[in-house]
Each structure stands twice: as structure tokens, then as C-alpha cells.
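Asker: Before we start, here is the structure in question, set down as C-alpha cells.
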């Protein structure tokens with residue numbers, strides 16, 4: 001298995017949580033922003049926060065939260081929408097289909 005690499009745009013050093021999708025790309029993102037865009041992320045971070053235990057995962061590149069079955073295309077479309085970087089008209093039908101599937105699975109609030 002190849003070593004995971006940090007995303008060139010969506011790896012914010014001052015953010016709180018590291019996520020990794022199936023293509024071995026690491027994203028370091030703010031849990032508050034993810035929580036406001038997705039009910040699933042909201043519930044995931046709230047459960048960790050309310051448990052009273054220190055978070056063991058998602059704080060280092062070696063222990064990211066794994067987004068199983070999520071393609072890079074779909075996750076990055078979600079991030080583009082969340083961070084206001086959508087590019088109108090430049091997506092394939094396959095990319096948009098994966099994105100809608102992700103939005104349904106992660107209960108995205110604004111998609």
C-alpha cells in the first residue's frame with residue numbers, strides 16, 4: 001500500500017481533524033465546518049466530544065479518520081461546495097452522480 005499524501009489545497013495546518021479517502025489522500029479540515037455541512041460529520045464529532053475521552057484518531061497523519069468507499073472526486077466536490085469553490089459546468093455526469101451519492105450518505109445540509 002502506498003503512503004498517504006497531503007492534499008495540496010485541503011490540508012489546513014491549523015485545522016482540527018485529518019481524514020483520508022480511498023485514494024490515499026489526507027485532508028486536514030475543521031470539524032466545525034464539516035459539522036455544519038453534514039449531519040453525519042456533526043454526529044461523529046459530537047459523539048467524540050461528548051464521550052469525555054481524548055480523541056485517539058484524526059489528530060495525526062498516521063491515524064486519520066478513514067472515509068471508506070468515498071472517491072476523491074465525490075469528497076472534493078463536497079469540499080468545493082462547503083468552501084465555496086464550485087466551478088459551474090465543469091463536472092462529468094459520473095462525478096456528479098458520485099457527489100449526490102456522497103451527499104445522501106453523509107446527509108449534507110446544503111447540497
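The values are calculated or read from the model by the stated rules, or taken from the named source; none is laboratory data. These figures come from a predicted structure and were not determined experimentally. Virtual Cβ from ideal backbone geometry, glycine too; neighbours counted across all protein chains shown.
Asker: Restricting attention to the range 102-111, which residues are in contact with a strand residue (DSSP E or B) (Cβ under 9 Å, 6 or more places away or on another chain) and modelled with pLDDT of 90 or more?
Answerer: Of everything in the range 102-111, those that are in contact with a strand residue (DSSP E or B) (Cβ under 9 Å, 6 or more places away or on another chain) and modelled with pLDDT of 90 or more turn out to be 102, 103, 106, 107, 108.
Asker: Out of the residues in the range 61-101 that are surrounded by 11 or more Cβ atoms within 10 Å (Cβ to Cβ) and modelled with pLDDT under 85, state the one that is nearest to residue 32 (Cα to Cα).
Answerer: For the range 61-101, the residue satisfying everything is 85.
Asker: Sticking with this one: For residue 58, indicate whether it is assigned to a loop (DSSP other than H, G, I, E, B), modelled with pLDDT under 95 and surrounded by 13 or more Cβ atoms within 10 Å (Cβ to Cβ).
Answerer: The answer is yes for residue 58.
Asker: Out of (1) at pLDDT below 95; (2) under 19 Å from residue 72 (Cα atoms), what's the single condition that is false for residue 52?
Answerer: Evaluating residue 52 over (1) at pLDDT below 95; (2) under 19 Å from residue 72 (Cα atoms) leaves (2) as the failure.
Asker: A further question on this structure: So, of the residues in the range 14-34 that are out of contact with any strand residue (DSSP E or B) (no Cβ under 7 Å at 6 or more places or on another chain) and surrounded by fewer than 18 Cβ atoms within 10 Å (Cβ to Cβ), which turns out to be nearest to residue 4 (Cα to Cα)?
Answerer: Among those that are out of contact with any strand residue (DSSP E or B) (no Cβ under 7 Å at 6 or more places or on another chain) and surrounded by fewer than 18 Cβ atoms within 10 Å (Cβ to Cβ), it is 23.
This table checks each residue for (1) in contact with a helix residue (DSSP H, G or I) (Cβ under 6 Å, 6 or more places away or on another chain); (2) part of a loop (DSSP other than H, G, I, E, B).
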residue: 73; (1), (2): yes, no
residue: 77; (1), (2): yes, no
residue: 81; (1), (2): no, no
residue: 84; (1), (2): no, yes
residue: 91; (1), (2): no, yes
residue: 95; (1), (2): yes, no
residue: 100; (1), (2): no, no
residue: 104; (1), (2): no, no
residue: 110; (1), (2): no, yes
